[in-house]
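Visitor: Have a look at this one before I ask anything.
The values are calculated or read from the model by the stated rules, or taken from the named source; none is laboratory data. Remember, it's a predicted structure, so these values are computed and weren't measured experimentally. Here the Cβ positions follow ideal geometry from the backbone for every residue, glycine too, while neighbour counts run over all protein chains shown. Just the protein is used for accessible areas: all its heavy atoms, side chains included, with ligands, DNA and RNA removed. Shrake-Rupley method; radii C 1.70, N 1.55, O 1.52, S 1.80 Å.
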Amino acid sequence: MSNAGSRILDVRLLVPFVLALALACNGAETGADDAGVPDTGGGTRDAGGPEDRGTRDEGTTDDAGRDDAGGDAGAQDSGPDDTGAHDAGGTSDAGDTGTGSDAGTQNDAAQPADAGADSGLDAGHDAGPAADAGIDTSLVPPRTDGRVILAAITGYEMTNHCQEADDEGKCELPLFDPYNRDTIEWWYNLVEELAFSRVQLTLLHGRGCWDPSSGDEGSGNMCPRLLRHFVKAVYDKGLQGVIRVGMFDDTGAYPFARSHVEGLPDGTPFDLADRNAWRFFWDHNMKPWFETIPKELILLVDGRPVVAFWSLADAFFSNQQGNASELLKWLRQNMIDTFGLDPIFNVDTTWASEDTTITPAVAQGVNDWFGPPAQSYTVRNWGGKKWGCLVPGYRNVNTFPGCGAPCREIPREDGGALQRGLDANRQSAVLLLEGFTNIAESAGFYRSDQWAIPNRYLGLLREAADFETETLRYEAEAADAYHDTTPGNAGGQYRLKGDLDVGRLPEGTGWFVGWTGAGEWVEFKDVQLSCGTYRFLARISSDTGGAKVRLEVDGSSLGTVEIPSTGGWDAYGVFDLGMKAVAAGRHTLRFVFENGLCNLDWFYHRKVSGICQ
């Protein structure tokens, strides 16, 4: 966006108006912003592993412990990390800025407030943002009543944006950069993108830790103790009322883990008849997973957490008959005795086929996974319910697009493959989504400017999981489209490429669009809204004041809003952009900087009336 000429504003925050209409809208809001999450009350398959099937098809185990380099590339402040933005009386947003006003620093000074803002991977998480007494920008938790629960299988082993390919042309690159889970920014991105998708359940991988008591090393680089970074990100972003999790047990990692720890030859199948070996399921994986994740972050379905298990195929295990069901019973009792939780077990179809003693009392769900190139989704009846699995696209690791059946390619069809799987599973109890961060196999849901719309897959998930979408936060840096009048990214943050000018927020937990010039804009496309009236708000900073902005919905302006000085570039406040009645359907939302002179963190909507015109 524009150069330093538009960035010489000075800041002190005054919310310019809280109109009587806005107050009336607050009174009309439903009670849906309750932070609690209610209790909800066979086939062809891929022989490979979750997020690593391409290397495990041949029945080998050398890749059993390695997930693909996928990612949630589009980081986005979609959580209520900024709910304390600014009260109606003009108090500065201490909950968001952390540092208060910037004492005259300029936006074009490389955002000096960023220095030291990154608290690092192992710093303790913050208590979360302060509540804003005047303006409610909280997020309503995704609903679980009377609808399929979308369960996003989410890996976290990636350290770059195209990890397992030797050519970037073989990857659909994420919007976000740098794509490295060894940075806290990657985890912020992940939770923000999950929140924007509105999926009700995130199934976080566990592949086990070498040491059952300490350390982060493990099979496939996904020891569940690493999930402390996920926990930190959730709390730092204030998303503990929005994101709920369960466990995905990537069973293909166990043979390699056991061989490594016990000094067995590589490729030795995991013998389920050896009950001493069961400790790898519990001591090395499930127990540290549940020790790491706070109970308040766990989604309870009818009072029970969800644990999904991948394959029990002969490529990885032996002596499954009669032993797999006993293993599940043992794990359940350990969960009850240790954590007071009686889990819902959702197992891959090979568990039921390899051990015919497994019943719905032992495994409450059985899914048929998927089988490329023919099957992008499955639906299975088990225990009186339907259980599903889908993938939005697929291609073997390290292959080029268009390779077809030889690389088991499932074309994405600009979301068409995903939509078919969602439609087929509308009556399912739980629908597994493989895999949220899976870049390597072209199976991810992350933001990418290689999609026709960067937020395409997050939007399709949101339509299925939360079609009412009473509240949503739109992070400026993650826009589907933008108009920028200057070349390059002046802030050098967030985006892998492009000219949108993005900097780090002073608190270090998110990003903003800055260096703005007259006529520039950011836009979100194909946003599904239910019919009704919506109130729109934005979190903005301005140094000298005099900035003018507006929001357009499908090309119709809500009116120009003038932004006063907020007290510094690092002092943000929440401003009312106006109200709009919309029909049900997909809409385009454009935020316009009429004359520059301000930074934009996010804009937000809250449905204030369900009356349809």
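Visitor: Sort out which residues of region 324-334 are polar (S, T, N, Q) and buried (at least 20 other Cβ atoms within 10 Å of the Cβ), and write them in order of number.
Guide: Matches in region 324-334: 325 only.
Visitor: Out of the residues in region 361-382 that are part of a loop (DSSP other than H, G, I, E, B) and closer than 24 Å to residue 326 by Cβ, which is most open to solvent (accessible area, probe 1.4 Å)?
Guide: If we take residues in region 361-382 being part of a loop (DSSP other than H, G, I, E, B) and closer than 24 Å to residue 326 by Cβ, then 361 is most open to solvent (accessible area, probe 1.4 Å).
Visitor: When both residues are 6+ apart or on different chains and their Cβ atoms are under 8 Å apart, which pairs have a first residue that lies in region 258-283 and is at negative phi and open to solvent by less than 30 Å² (accessible area, probe 1.4 Å), and a second that is in a strand (DSSP E or B) and among the charged types (D, E, K, R)?
Guide: Once the first residue is at negative phi and open to solvent by less than 30 Å² (accessible area, probe 1.4 Å) and sits in region 258-283, its partners that are in a strand (DSSP E or B) and among the charged types (D, E, K, R) give 277/271; 281/249.
Visitor: Within region 169-181, how many residues turn out to be open to solvent by 10 Å² or more (accessible area, probe 1.4 Å) and over 24 Å from residue 413 (Cα atoms)?
Guide: 4
Visitor: Inside region 417-455, can you point out the residues that are surrounded by fewer than 24 Cβ atoms within 10 Å (Cβ to Cβ), within 19 Å of the chain's Cα centre (by Cα), farther than 17 Å from residue 199 by Cβ and polar (S, T, N, Q)?
Guide: 450 - this is the single residue of region 417-455 that is surrounded by fewer than 24 Cβ atoms within 10 Å (Cβ to Cβ), within 19 Å of the chain's Cα centre (by Cα), farther than 17 Å from residue 199 by Cβ and polar (S, T, N, Q).
Visitor: Give the residues of region 528-545 that are polar (S, T, N, Q) and either in contact with a Cys (Cβ under 8 Å, 6 or more places away or on another chain) or open to solvent by less than 30 Å² (accessible area, probe 1.4 Å) (or both), sorted by residue number.
Guide: Here is the first cut: in region 528-545, the residues polar (S, T, N, Q) are 528, 530, 533, 541-542, 544.
Residues satisfying the conditions are 530, 533, 541, 542.
Visitor: Whether any residue in region 316-334 is in a loop (DSSP other than H, G, I, E, B) and under 23 Å from residue 234 (Cβ atoms) is what I want to check.
Guide: no
Visitor: While we're looking at this one, here's another question. Return yes or no: is residue 525 surrounded by fewer than 24 Cβ atoms within 10 Å (Cβ to Cβ), among the basic types (Lys, Arg) and touching a strand residue (DSSP E or B) at 6+ places or on another chain (Cβ under 6 Å)? Don't jump to the end; show me each part of the working.
Guide: Numbers: surrounded by fewer than 24 Cβ atoms within 10 Å (Cβ to Cβ): yes; among the basic types (Lys, Arg): yes; touching a strand residue (DSSP E or B) at 6+ places or on another chain (Cβ under 6 Å): yes.
So residue 525 fits the description; yes.
Visitor: Collect the residues in region 262-284 that are part of a helix (DSSP H, G or I) and modelled with pLDDT under 95, keeping them in residue-number order. Please lay out each step first, then the result.
Guide: Step one: list which residues in region 262-284 are part of a helix (DSSP H, G or I), which gives 262, 275-284.
If the condition is that a residue be part of a helix (DSSP H, G or I) and modelled with pLDDT under 95, then 262 is the only one that fits.
Visitor: On to the next question. In region 475-508, what residues are open to solvent by less than 10 Å² (accessible area, probe 1.4 Å) and within 18 Å of the chain's Cα centre (by Cα)?
Guide: Step one: of region 475-508, the residues open to solvent by less than 10 Å² (accessible area, probe 1.4 Å) are 475-479, 494, 500-503, 505-506, 508.
Matches in region 475-508: 475, 476, 477, 478, 479, 494.
Visitor: Against the condition within 27 Å of residue 237 (Cβ to Cβ) and either outside any strand (DSSP E or B) or open to solvent by less than 10 Å² (accessible area, probe 1.4 Å) (or both), how does residue 597 come out, does it pass?
Guide: When the stated conditions are applied, residue 597 does not pass them.
Visitor: Same structure again: Which of the residues that make up region 193-236 are hydroxyl-bearing (Ser, Thr, Tyr) and part of a helix (DSSP H, G or I)? First the steps, then the outcome.
Guide: Keep residues of region 193-236 that are hydroxyl-bearing (Ser, Thr, Tyr), which gives 197, 202, 213-214, 219, 235.
Residues satisfying the conditions are 197, 219, 235.
Visitor: Here's another thing I want to ask about it. Against the definition (open to solvent by 10 Å² or more (accessible area, probe 1.4 Å) and within 26 Å of residue 301 (Cα to Cα)), how does residue 414 come out, yes or no?
Guide: Numbers: open to solvent by 10 Å² or more (accessible area, probe 1.4 Å): yes; within 26 Å of residue 301 (Cα to Cα): no.
When the stated conditions are applied, residue 414 does not pass them.
Visitor: On to the next question. Considering only region 285-297, state which residues are outside any helix (DSSP H, G or I) and crowded, with 18+ Cβ neighbours inside 10 Å.
Guide: 293, the sole residue that qualifies.
Visitor: Under the condition of being open to solvent by 10 Å² or more (accessible area, probe 1.4 Å) and charged (D, E, K, R), which residue from region 152-168 is nearest to residue 388 (Cα to Cα)?
Guide: Checking each candidate, the answer is 164.
Visitor: Residue by residue through region 383-432, note down the ones that are in contact with a helix residue (DSSP H, G or I) (Cβ under 9 Å, 6 or more places away or on another chain) and in a strand (DSSP E or B).
Guide: 388, 389, 390, 394, 410, 431
Visitor: Pull up region 335-360, narrow it to residues that are part of a loop (DSSP other than H, G, I, E, B) and touching a Pro at 6+ places or on another chain (Cβ under 9 Å), then point me to the one that is surrounded by the most Cβ atoms within 10 Å (Cβ to Cβ).
Guide: That would be 343.
Visitor: If you take the residues in region 473-518 that are hydrophobic (A, V, I, L, M, F, W, C) and assigned to a loop (DSSP other than H, G, I, E, B), which one is farthest from residue 571 (Cα to Cα)?
Guide: My answer is 496.
Visitor: Follow-up. Return the residues of region 519-542 that are more than 28 Å from residue 464 (Cα to Cα) and either assigned to a loop (DSSP other than H, G, I, E, B) or among the polar types (S, T, N, Q) (or both); say none if nothing qualifies.
Guide: 519, 541, 542
Visitor: Hey, among 172, 164, which residue is in contact with a Gly (Cβ under 9 Å, 6 or more places away or on another chain), of a type outside the set (Val, Ile, Thr) and farther than 12 Å from residue 445 by Cα?
Guide: Numbers: 172 fails: farther than 12 Å from residue 445 by Cα.
Matching residue, one of 172, 164: 164.
Visitor: Same structure, new question: Return a yes/no flag: does region 211-233 have any residue that is open to solvent by 10 Å² or more (accessible area, probe 1.4 Å) and closer than 30 Å to residue 525 by Cα.
Guide: So far as region 211-233 goes, no, none of its residues is open to solvent by 10 Å² or more (accessible area, probe 1.4 Å) and closer than 30 Å to residue 525 by Cα.
To keep it simple, each residue is scored yes or no on (1) over 20 Å from residue 517 (Cβ atoms); (2) part of a loop (DSSP other than H, G, I, E, B); (3) out of contact with any Leu (no Cβ under 6 Å at 6 or more places or on another chain); (4) of a type in the set (Lys, Arg).
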{"site": "545", "(1), (2), (3), (4)": "no, yes, yes, no"}
{"site": "565", "(1), (2), (3), (4)": "no, yes, yes, no"}
{"site": "574", "(1), (2), (3), (4)": "yes, no, no, no"}
{"site": "586", "(1), (2), (3), (4)": "yes, no, yes, yes"}
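Visitor: Then there's this: Which condition number does residue 184 fail, the rest of (1) open to solvent by less than 10 Å² (accessible area, probe 1.4 Å); (2) within 23 Å of residue 411 (Cα to Cα) being met?
Guide: (2)
Visitor: Restricting attention to region 288-334, report how many residues are over 18 Å from residue 204 (Cα atoms) and either touching a Pro at 6+ places or on another chain (Cβ under 7 Å) or of a type in the set (Ser, Thr, Tyr) (or both).
Guide: Going through region 288-334 one residue at a time, the tally reaches 5.
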